[in-house]
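Student: Below you'll find the structure I mean.
Every read-out reported here was derived from the displayed coordinates using simple, explicitly stated rules and does not represent laboratory data. Since the model is a prediction, treat every value here as computed from it, not as a measurement. Glycine gets a Cβ as well: all are built from the backbone with ideal geometry, and neighbour counts include every protein chain shown.
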Amino acid sequence: MKFKKITVKCSPETSEIVAYCLHEAGSMGEVFDDYADVKQVLDEKRWDYADATLFEASDDCSVSGFFSIETDERAVFSKLDRLREQEFAEFSTMETSIETIDSEAWENEWKKYYKPFNIGKIVIVPEWLEYNAVGGEIPVKLNPGLAFGTGMHETTSMCIDLMQRLELKNKRVLDFGCGSGILGVCATALGAGSVLFADTDEQAVTATAYNCKINGIKDPEVFLRDVRELTEPADTIVANITADVLTAVEPMIRSALKKGGHAIISGIISDKIELVKKAYLRDFKLKEHIQKNEWSAFLFEL
């Protein structure tokens, strides 16, 4: 299967916005190539081994988006052109390129950068690596495949952070728009009594089922369906999607949650914060708001 890979050379400061632009244009996944990220991980000694080529210092930064072969790249370039017109950051120097790749190249490209890393007491471990937990760490194995969610992106890591601020022991958790299933698997690792995974994407359901299997979760509730069909509400809902979708599905999240339950939502770019808050504060109480770079996550109580 073929895909179009559109790569944008940009500055590290604008890379998150560029990735968001590619995502909004229809990208099915984004890959960052930024030496600053490698250096941070190296300085914090968060890996045991990495290919030596990763340690070669460079000022270059790029973001690649992966699109279906039918995508009209002119529409993507048009969005990037509009981004170049913005004045709040330096976008004018962006350079773009496009190439056609097969699915195997896409699926394996990110693996060279993906190493174990901690989010609180959770440590995300790529399935293909061995890891010995220390100091109370809780390892979670992961192979995202073609589904969104490695834990490395701010939107996912903030969800995992907020989950650790709640008491999940024996609670029912709904992973709304589960992607790779990383949030629901982490909820299970944190003691949740049951986790329901729901998504409308077949690849997400397949990836989630696989990640449940490699983490020893037997007979997981993984559904390719609308959560409005659920008969038992959840104690906690985690949803890492996009701001516009989160706003639209607020009634669905509310109806799937028990009174007094908590909703953790993420995937909110800075200029959409007020839009999302307005939608949720009609029915929810805001308990916490955390932010990493251009992204925000909220913890609400019903």
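Student: Can you tell me how much longer the chain between D244 and Q86 gets when fully stretched, taken as 0.36 nm per residue apart minus their C-alpha distance, in nm with one decimal? Don't jump to the answer; show the numbers that get you there.
Tutor: Working: separation 158, 0.36 × 158 = 56.88 nm, distance 2.09 nm.
Gain on extension, D244 to Q86, equals 54.8 nm.
Student: Set the bar at 30 Å for Cα to Cα. Now go through K121/K287; K121/K278; K9/K292 and name every pair that lies beyond it.
Tutor: Pairs exceeding 30 Å: K121/K278.
Student: Binning at 5 Å from 0, report for the stretch 202-302 what percent of all alpha-carbon pair distances ends up in each bin.
Tutor: 2, 12, 21, 21, 18, 15, 9, 2, 0
Student: I need the peptides 158-168, 90-100 ranked by packing, meaning the mean over residues of other C-beta atoms within 10 angstrom, with the highest value on top.
Tutor: Values: 158-168: 20.6, 90-100: 13.0.
Result, highest mean first: 158-168, 90-100.
Student: Sort the following peptides by mean Cβ neighbour count (other Cβ atoms within 10 Å, averaged over residues), highest first: 252-264, 171-183.
Tutor: The peptides rank, most packed first, as 171-183, 252-264.
Student: Collect residues whose amide H, placed 1.01 Å from N in the peptide plane, falls under 5 Å from the amide H of A192; neighbours closer than 5 in sequence don't count.
Tutor: Long-range HN contacts for A192: N170.
Student: Continuing with this model, one more query. Given the peptides 10-17, 76-83, arrange them by the average over their residues of other C-beta atoms within 10 Å, most packed first.
Tutor: 10-17, 76-83
Student: Computed FRET efficiency, Cβ-Cβ of K2 and E24, R0 30 Å: what is it to the nearest 0.05?
Tutor: Numbers: r = 22 Å, r/R0 = 0.75.
So the FRET efficiency works out to roughly 0.85.
Student: Ranking F88, F66 by Cβ neighbours within 10 Å, fewest first, what do you get?
Tutor: Fewest to most other Cβ atoms nearby, the residues stand as F88, F66.
Student: Between I273 and N132, what length in nm is gained on full extension when 0.36 nm per residue of separation is reduced by their alpha carbon distance?
Tutor: Taking 0.36 nm per residue and subtracting the Cα distance, the gain is 46.9 nm.
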